[in-house]
Amino acid sequence: MGKVKSIVITGQCIGGTTASLSALFLLCHLLSLSVYPPMSVLCITFGSPLLGNEALHRSIRRQRWGENFCHVVSKHDIMPRLLLAEIVNYIPHIQALLQFWHCCMASPHLPVAGLSSQVSNDLKHILFHSVLKDLELLTQADDPSESLFWPFGSYVFCCQEGAICVENVASIMKMMHLMMATGSPNQSIEDHLKYGDYVAKVSRQFLQARNFEEGIPDSSYEAGVALALQSSDLTDKEPVAVMAKECLQMAQHGDKPNLNAANLAIKLSKIVPYRAEIEWYKACCDEADDQLGYYDSFKLTGASRREGRVNINRHRLAQFWNSVIHMLESNKLPHDFDRRGKWVNASHFYKLLVEPLDIADYYRTGMRRERGHYIEHGRERRYEVFDKWWREKSVPEEENKRSKFASLTQDSCFWAKVEEAKEWLDNVRSERDAMKRQQLWHKIDNFEAYARQLIYNKEVSKDVLAKNSSFSRWMEEWKEMKSQVQQITPLFPGFVDGK
């Protein structure tokens, strides 16, 4: 940690699953530390059996870790496909196969074909056809999520002709079946031992010039599919070639991240009027004669016509940003979307502008009594996501001292903390237990210090300091209580510290 910028973890066969688990552990560890700049982690597996089910697949996708995993699968290798089949009745056969592979890897100088003869034809035949049959059923099923194991990350299918990369789950499973269907029981066993050859050839394969047998396609997309089909060595194998082409087209058409991002940018521009109306409302509240400020005006008069329109816009913006997060976690947006300055800044501004209204609505409607305080029990997940985006933005902002108060309070949960501090102040007045009273007193003290620091740094909006705002009224009550305590303390020295 701190000594390198990137790390690559790799393994073959069961070592590949160990590599994947190690990479997941490291990614979770780095996430918990929130270090900047983050360490780059890449896991490359060769002929690895699958790891985890659909739930793990969704979790990895939600954290945007799919790009950290590259699984290399040779054309006919049975090992990466084993766990997509019902293998309970074939455990002894698989154990014998693993032992055979282990012996082969321990004797790399011996020819694979010669060693392969040591495995009985019955064992090869049983495993090959049972896996192929279950793979076919799985790819034809209406709901592939019924499989106990799901792929995650990118899959690179390689053969003597080249390699193709697929990320779409359905396409990965389909390609697993189609490529294996063109092989034989012997090839399914021997291919597991050829990854060294594929790695040695991969550079030459990518640089190899290819010719279009039926002329150059009209579009670059069709040309790309044709080249990928050639790289899979399935072009002359009917009807597998037709199904492979459909599979590749499905992988390309399934999700179009850059196009989706462009469409989102258009939608973002269309919701600007909703945001602008809330900004106008904030400006009016800050200049109003009642000196309540933005937060308290919405909290106290939320049922009025003006506040009702602001409330509608608040929900419209929430709907848009929830859809952005859903698309991102469904892998429908570019892998670096959450690191792009435009979206990080837009989401951060939205959070600072609108979350105070969410907090006001939460306490105005009595949700505090039903659920508890906002930060622990009422905060929407999108704000936590946007906090993460802001922390991990690729270029940290320089810390320059502000010359005037911020247009928006930089802690979007500030008003929720004020609401908690108000409750502490009420409780400390009635609390008879000296130890609990001491704890409440220190909590209030800490909040006051935190708030004063924000004000000193000018990281609050001027509405916080409005004469009749919740914060200003709380500060007056807190000052009055401290004054009273200072008068009581000489008579009752243990009133605050609980002694």
- prompt: If you go through the range 10-30 one residue at a time, how many are closer than 17 Å to I60 by Cβ and open to solvent by less than 60 Å² (accessible area, probe 1.4 Å)?
  reply: 10
- prompt: Quick one: which helices (runs of 4 or more DSSP H) sit completely within the range 66-175 and have at least 3 residues that are open to solvent by less than 50 Å² (accessible area, probe 1.4 Å) and modelled with pLDDT of 80 or more?
  reply: 91-106, 121-140
The range 7-28 residues that are at pLDDT below 95, paired with ones that are of a type in the set (D, E) and surrounded by fewer than 15 Cβ atoms within 10 Å (Cβ to Cβ) (beta carbon under 8 Å, 6 or more apart): none
message: So, Y456, is that one within 36 Å of the chain's Cα centre (by Cα), farther than 22 Å from D296 by Cβ and of a type in the set (F, W, Y) or not?
response: yes
- prompt: How many of the residues in the range 430-454 are surrounded by fewer than 18 Cβ atoms within 10 Å (Cβ to Cβ) and closer than 16 Å to E476 by Cα?
  reply: 4
message: Can you tell me which condition S40 does not meet? The list is (1) touching a residue at least 40 places away in the same chain (Cβ under 8 Å); (2) within 25 Å of D338 (Cβ to Cβ); (3) surrounded by fewer than 20 Cβ atoms within 10 Å (Cβ to Cβ), and all the others hold.
response: (1)
- request: Tell me which residues, restricted to the range 153-170, are closer than 25 Å to D197 by Cα and within 22 Å of the chain's Cα centre (by Cα).
  value: G153, S154, Y155, C165, V166, E167
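The values are calculated or read from the model by the stated rules, or taken from the named source; none is laboratory data. It should be emphasised that the depicted structure is a prediction, and the values quoted were computed from it without experimental measurement. Backbone-built Cβ (ideal geometry, glycine too); neighbour counts: all protein chains shown. We work out accessible area using only protein heavy atoms, side chains counted, and drop any ligands, DNA or RNA first. Shrake-Rupley method; radii C 1.70, N 1.55, O 1.52, S 1.80 Å.
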